[in-house]
Amino acid sequence: MNFYLLIILSFYILFFLIDTIVDILNVKHIQTELPEEFKAVYDSEKYQKSQEYLRECTRFSLIKSSFNLLVTVPFIVLGGFNLVDQLSRQFNFSSIVTGLLFFGLLSLGSFVIDIPFSLFSTFVIEKKYGFNKTTFSTFVIDILKSLLLSVVIGAPILALILWFFESNGANAWLYCWLALTAIQIVLMFVAPILIMPLFNKFEPLEEGELKTSILDYAKKENFSLKGLFTMDGSKRSTKSNAYFTGFGQFRRIVLFDTLIKNHSVNELLTIVAHEMGHYKKKHIFKMIVVSIISSGFMFFILSLFLNNALLFEAFKMDHISVYASLVFFSFLYSPIETILSVFSNISSRKHEFEADAYAVDTTNLHKDLVSGLKKLSVDNLSNLSPHPLKVFLEYSHPPVLERIKAINALNK
């Protein structure tokens, strides 16, 4: 068997087995007794509902990943990529246009496979547990908008990457990395203004106690804002969240309307303070730097495998091309990316504790932060007792009970 094919299939199946084992352990780790911290906000019936939600989502995830495995492995082994390449080449377009068509056909196939799962998740599971507010028309329009963005933004970026690697020799990876980094930075600024409003409605936070409290707090912390906005999260789900977006003078605070509905002014203030803490502690900057370095490393490694004959042989390809190299390299790089994500999650969980501490130190409202976290967990039916291995491998946020314990310790 081809060495690269053996490596790719081995890691693909290995990580599938690891994910399956971790998910099973996570379900078995469910604690039937409601934690003491949540007895005042979580009734036994709803707590049981959260456990059923976890079980059902896990079963669904296992079915989906198993199906993807059963489709992907035969597709690789039987030369499916070569068939797509032959179809792309029959039009005799330039190599870049052929590459775009190759990616487009693969994306279309993946999209068709994923649609039934998305429909079931949205309109069966999420609806069953009271989360889904998405109408079928919204679901379809979201898909069409995403496809449009892929064509308008994704295709030109992919074409640029292909051009760099086809035209710039040994230094192509460097030019490609620098160009993509610049594009990503620009998108960070324009996304809140041009892209996000395509999917949600953003309105200035109405005058009142909440807006005054947040603006006074931001002024006290010397944190400039372009504006405070509410987002119609209830258009798609009852789940709630808050986030910061933009940089410099374009920084915005965005609160889901579902979040405002279910939380007090002080709870919302501490949630905003937590998000602000990420900026003040330079977590966002650090994550961007790490992301840029990681992408540079990825492009450099990619350049070493570009147009590798043995790699193309593993996928039963008749022709060698730059565009197919990108796809095949993604299979080789996937294990590295998974390992890097574990370290990224460790850093992210540390940042969450630091942002909580910042919120407590600057607002002196530790009880409100705790109650706000509890409400978020209850409203979103969060798993209160995830398995430690699940947390270590996949969680970007610490489990809520660990966060509450750390917050309470700050007040002693």
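The values are calculated or read from the model by the stated rules, or taken from the named source; none is laboratory data. As the structure is a prediction and not an experimental result, all values here were calculated from the model. Ideal geometry is used to build each Cβ from the backbone, glycine not excepted, and the neighbour counts take in all protein chains shown.
Summary of computed values
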item	result
Among (1) closer than 30 Å to Phe312 by Cβ; (2) buried (at least 16 other Cβ atoms within 10 Å of the Cβ), the one test that Tyr53 misses	(1)
When residues of segment 295-311 are limited to those that are more than 18 Å from Phe11 (Cβ to Cβ) and over 30 Å from the mean Cα position of the chain (by Cα), the one surrounded by the most Cβ atoms within 10 Å (Cβ to Cβ)	Asn307
Residue pairs meeting the criteria (Cβ under 6 Å; at least 6 apart or on separate chains; first on the phi > 0 side of the Ramachandran plot, in segment 69-87; second assigned to a helix (DSSP H, G or I))	none
Residue match in segment 94-110 (condition: among the aliphatic types (A, V, I, L, M), modelled with pLDDT under 95 and under 28 Å from Phe328 (Cβ atoms))	yes
Criterion (touching a residue at least 24 places away in the same chain (Cβ under 8 Å) and out of contact with any helix residue (DSSP H, G or I) (no Cβ under 7 Å at 6 or more places or on another chain)) met by exactly one of Leu194, Leu174, Leu205	Leu174
Test: residue in segment 347-362 that is touching a residue at least 24 places away in the same chain (Cβ under 8 Å) and among the aromatic types (Phe, Trp, Tyr)	yes
Residue selected from segment 88-113 under the condition surrounded by fewer than 14 Cβ atoms within 10 Å (Cβ to Cβ) and free of Cβ contacts under 8 Å to residues at least 40 places away in the same chain, by the criterion nearest to Ser321 (Cα to Cα)	Ser94
Search result, residues across segment 1-37 that are within 29 Å of Gly372 (Cα to Cα) and loosely packed, with under 14 Cβ neighbours inside 10 Å	Lys28, Gln31, Thr32, Glu33, Glu36
